[in-house]
1. For 48, 268, 84, what's the fewest-to-most ordering of other Cβ within 10 Å of each Cβ?
2. Compute the relative contact order of the chain as a whole-number percentage, counting only Cα pairs closer than 8 Å that sit 6 or more residues apart in sequence.
3. Taking the number of other C-beta atoms within 10 Å as the exposure measure, put 96, 248 in order starting with the fewest.
4. In the chain, what percentage of the DSSP-assigned beta bridges are antiparallel, given to the nearest 5?
5. For residue 212 and residue 290 in one chain, what is 0.36 nm times their gap in residues minus the Cα-Cα distance, to one decimal in nm?
6. Run through the DSSP bridge list for region 1-124 and note the antiparallel percent, rounded to the nearest 5.
7. Distance between Cα centroids, region 174-218 to region 1-74: provide it in whole Å.
8. Might you report the magnitude of the Cβ-based charge dipole of region 3-296 about its Cα centre, with Lys and Arg at +1 and Asp and Glu at -1, to the nearest 20 debye?
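Computed from the coordinates by the stated procedures, all read-outs in this text should not be read as laboratory data. Small disclaimer: the values here were computed from a predicted structure and weren't measured. Note: ideal-geometry Cβ built from the backbone for every residue, glycine included; neighbour counts use all protein chains shown.
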Amino acid sequence: MNPELEAFVPFFPRIDLADPAAGRALYTELASARPAPDTAGMEVEDRTVPADPDVPVRIYRPHGARGAIVWLHGGAFVMGDVDTEHPWAARVAADTGVAVISVGYRLAPEHPFPAALDDAYAVLVWAAAHAAELGIDPDRIAVGGHSAGAGLAAAVSLRARDQQGPSIRFQLLNEAELDDRQETWSARNFTETPWSTRDFVAASWRHYLGSAPATPYAAPARAADLSGLPPAYVSSAEFDPNRDEDITYALRLLQAGVSVELRQWPGTFHGSQAILSAEISQRQIAAIGRALRDALAG
């Protein structure tokens, strides 16, 4: 493990998803301890996207932004909202000059699949339809996120392709949660890695799926056909149960004719980029910003 990250491992909390309410409370506490983001160079606005039910969003609009990303927070499908995601969403906007539409999708287990996907897709449709009002180019809209949010972004891309929905320019999949089966080498062997363990991931999928069978829209790794999807940036952490499903998904996208940038970060673990003082975390965050800027430029 990267020594800068390893020094923080004893202080990393363990969240038990057996009690979603307690997990959310701890997740919120951790998010509130992050430094407040600098939003001086952008407009920040809370809005509600009309849907069934309506979906809260927080929009970060840097001055002169023409591209946009529908941004989906992490949290194992169980935790997180636009407030906990505020430091990350604001940083993405500041680093890229891209408008960030951060989505407060419904959470499991109270709202199992497909609630979160329906919310995320509704926001994509709304953003494309209201591009002029938002001051963005409808041909420069991306989807992306971290962890469970990245899995939702992959599912939104599949659904938009299958339903002839809005055009998606790019998908940004950072440490994505893509496969409920947990059959890869990393899923079977990384049982006690920091932050995300095999049991944590299994509980996440139980809450998200509920009694529903896993379909490709729930677990995109199950999709048989990945052709015709948007170009992708796929990032994986070395000591992460999700590692191998991310790498496999990137390779399958490539084999289906989709342009992919795959970054495997050595010595990292799931969510370790939150340790902002580590040089490798700074490189990870910079790479995300560069990939998004390049994808939505021109």
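1. On the way: 48 11, 268 26, 84 22.
Taking fewest neighbouring Cβ atoms as first place, the list is 48, 84, 268.
2. Relative contact order for the chain comes out at 18 percent.
3. Details: 96 24, 248 16.
With the sparsest Cβ surroundings first, the list reads 248, 96.
4. Taking every DSSP beta bridge within the chain, about 30 percent pair in antiparallel fashion.
5. 24.3 nm
6. Working: 12 of 17 bridges.
For region 1-124, the DSSP antiparallel bridge percentage is about 70.
7. 20 Å
8. So the dipole magnitude of region 3-296 works out to roughly 500 debye.
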